[in-house]
1. Tell me, please, whether a residue that is touching a residue at least 24 places away in the same chain (Cβ under 8 Å), in a strand (DSSP E or B) and under 14 Å from the mean Cα position of the chain (by Cα) can be found in the stretch 70-81.
2. I'd like to verify a number: residues in the stretch 11-51 that are within 19 Å of the chain's Cα centre (by Cα) and farther than 29 Å from residue 164 by Cα, how many?
3. Looking at the stretch 194-309, what helices (runs of 4 or more DSSP H) fall wholly within it and have at least 1 residues that are closer than 19 Å to residue 8 by Cα?
4. Based on this model, can you work out whether residue 63 counts as over 21 Å from residue 20 (Cα atoms) and assigned to a loop (DSSP other than H, G, I, E, B)?
5. All but one of (1) in the same structural domain as residue 135 (by TED's automatic domain parsing); (2) farther than 23 Å from residue 95 by Cα; (3) free of Cβ contacts under 8 Å to residues at least 60 places away in the same chain hold for residue 264; state the number of the condition that does not hold.
6. Could you tell me which of the residues 95, 168 is within 26 Å of residue 79 (Cα to Cα) and surrounded by 17 or more Cβ atoms within 10 Å (Cβ to Cβ)?
7. Please state which of the following conditions residue 186 fails to meet, knowing it meets all the rest: (1) assigned by TED's automatic domain parsing to the domain that holds residue 295; (2) surrounded by fewer than 24 Cβ atoms within 10 Å (Cβ to Cβ); (3) within 21 Å of residue 325 (Cα to Cα).
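The values are calculated or read from the model by the stated rules, or taken from the named source; none is laboratory data. Just so it is clear, the structure is predicted and the values come from calculations on it, not from any experiment. Here the Cβ positions follow ideal geometry from the backbone for every residue, glycine too, while neighbour counts run over all protein chains shown.
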C-alpha cells in the first residue's frame, strides 16, 4: 500500500489536513485506532476565521444542525460587556456533527480512511497497519496533546504551562441569546454556546479537577435559573486543556499538526481554528515540497491566539485582574470589540503582540 501523505489521527486536525492535501492532488491515508464519531469536550463554538477556513476546505455549515451566533459576551457578578462580529459568520455546533461533516468531505475527496487500525513499527518511510505495510513520503502526527509520535521523534521539548480541566454537557434549552456567553466566576469559567435552535452546550473550564458543572453553575444565578429542570441531552464529559506549543513542528519528513503541535486552553475557543489554518498551510508547503514554509507559517498564525489566551488565563487565575479588566472593558466597549474581532478573525490580526498584551495589562492595573 502506497500513500504520499500518511496522517495519524482522524480527529478534526487529521481530517482537515487530509482534505487539504487531497485538494493538492496527493494520495492521502488517515489511520486511527478509534472509530467515528470522534468527540472531545470543548465549548463547540466556531469563530469566523474557523468558518472561513472550513469553507476553503469545502465544508459548508449552513445546512447542518447548528446555530449561527453574532458575538461574545463576558460577564461576572459586577460587569458585563459584549462584542459583535460585524456580520461575520460564526456557528455553534456539536463536535460530533463537525466530525461527521469533515469525514463526509474526506470520503468525497478520496482520502483512504483506516478506522480501528493503530499504526505500528514506524521505520523511515514505512509503517504497518493491521499487519499490512504502508509506504509514504510524509508522516503527519495529528495524534493529540500527548502525541506518542511527537514523543518518539524527540520533539517533546516545548514550553508548557499548567494544565486545566474542561467539562461539557448539552441541555435541551432554547437559546436565549445569539451570542456566546463567557461567565467568569471564582476559579472557573462557564461558557454557554447555542448549538441548535433547541439545544445549548455548557462548558466548564477550571484548575480544580474536582469541580463539576452542577457545582459551578450555582455561582451564576441567572444561568442556574435557566437550567433549572432542563433535560440533559448528553452525559458530562471531561478532558485536560493546556496552553502549550512545540518548540518545532517539523523534523525531516515528520510534521506535527493540531494539539500535537499547539494546544490552546479551551477558554479561548481557538483550538479547531488553528487546526484548520494549519491544514491549509501544510498543504501549500507539501505542494512546494518545503516543510520549512509550514514551520514559519505555524509560528506566525499561532502567535495571536497564544497571546490572547495568556491574557484570558491571567484573568482566570487572578480574580482582582479579572474584575479590573471586565470593568475596563465595560467602560470602553470599543476596546473589547477590537480585541474580540482580532481574536475571532473578524478583523486583521496585525497587532496583538506581546507588547500589546503588556500594554493592555498596564491599562488594567491602572483601572
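1. Looking through the stretch 70-81, none of the residues is touching a residue at least 24 places away in the same chain (Cβ under 8 Å), in a strand (DSSP E or B) and under 14 Å from the mean Cα position of the chain (by Cα).
2. First pass over the stretch 11-51, keeping only residues within 19 Å of the chain's Cα centre (by Cα): 11-20, 36-51.
Of the ones still in play, those that are also farther than 29 Å from residue 164 by Cα are 18-20.
Of the residues in that region, 3 qualify.
3. The qualifying helices (runs of 4 or more DSSP H) are 271-287.
4. Answer is yes for this residue.
5. Single failed check for residue 264: (2).
6. Just one listed residue meets the conditions, 168.
7. Going through the list (1) assigned by TED's automatic domain parsing to the domain that holds residue 295; (2) surrounded by fewer than 24 Cβ atoms within 10 Å (Cβ to Cβ); (3) within 21 Å of residue 325 (Cα to Cα), residue 186 breaks only (1).
Rundown of residues vs (1) at pLDDT 90 or above; (2) more than 24 Å from the chain's Cα centre (by Cα); (3) not assigned by TED's automatic domain parsing to the domain that holds residue 17, yes/no style:
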{"site": "99", "(1), (2), (3)": "yes, no, no"}
{"site": "107", "(1), (2), (3)": "yes, no, no"}
{"site": "112", "(1), (2), (3)": "yes, yes, no"}
{"site": "117", "(1), (2), (3)": "no, yes, no"}
{"site": "125", "(1), (2), (3)": "yes, yes, no"}
{"site": "136", "(1), (2), (3)": "yes, yes, no"}
{"site": "139", "(1), (2), (3)": "yes, no, no"}
{"site": "142", "(1), (2), (3)": "yes, no, no"}
{"site": "170", "(1), (2), (3)": "yes, no, yes"}
